[in-house]
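Quick notes on the structure that follows.
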Amino acid sequence: MQETWTMVFGLCGILAPLLALIFIGASIMMHPEFNFPGYALSHLGALKTPNHIVYNVGMILTGLMGILFSCGVPQLVNGKIGILGIIVFALGFFTLALVGVFPGGTSPHNTVSMAFFTLSTFGILILALDQLLKQPTRPWGVLLIAVIALGLVSAILVGKIQHLGAAIPETIGALGFSEFSIIFGLRLLKVL
């Protein structure tokens, strides 16, 4: 029974980014006026945007899948620091679900959106510290640090471009979270 749940959690780690990509892609196709340089992704889910429900349902489902994935990751940590990282990361995905519950145009939207990026980043960094503590998991810790560092530097540099919406930095940040989710999902499935 334990192995079955581990497989489910691992699959959730792999499928969560794909689910987000499908729902964001469908939302973009429904909104030909949307362009990455000019908007935030949340524009696709704003209350005044036609078909906003597609984006918002996608964020809720992706957030829930991320939380389920987080339930399996404790098997891959070395100790309490790793558990703390997973809890912070899971809270990040809870706030992603809240992005869909509180879409653009509602007062808590900006707060939950920023909380998603902040909590997820710190959750992965804390987990990276856990992975660095023991020799067998050290390469995973280095990988997580590299993923977050590359994502942060890229998002900061792109964010310096004048008149740029948030969609490009958001996508860069989400790619780092996706790499973590897919790689650790594969680890749960014992593929890596």
Take THR171 and tell me if it is in contact (Cβ under 8 Å) with a residue 60 or more places away in the chain, hydroxyl-bearing (Ser, Thr, Tyr) and more than 17 Å from VAL77 (Cα to Cα). yes
Out of curiosity, is PHE184 of a type in the set (Phe, Trp, Tyr) and more than 14 Å from ALA20 (Cβ to Cβ)? yes
Just one of the numbered conditions (1) touching a helix residue (DSSP H, G or I) at 6+ places or on another chain (Cβ under 6 Å); (2) touching a residue at least 12 places away in the same chain (Cβ under 8 Å); (3) closer than 21 Å to PRO17 by Cβ is not true of LEU192; which one? (2)
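Could you check segment 101-192 for helices (runs of 4 or more DSSP H) lying wholly inside it with 3 or more residues that are at pLDDT below 95, polar (S, T, N, Q) and within 23 Å of TYR55 (Cβ to Cβ)? Please lay out each step first, then the result.
On the way: elements: 109-132, 138-159, 167-188.
Fully inside segment 101-192 and qualifying: 109-132.
The values are calculated or read from the model by the stated rules, or taken from the named source; none is laboratory data. Given the structure is predicted, the values throughout are model-derived calculations rather than measurements. Here the Cβ is made from the backbone with ideal geometry for all residues, glycine too, and neighbour counts use every protein chain on show.
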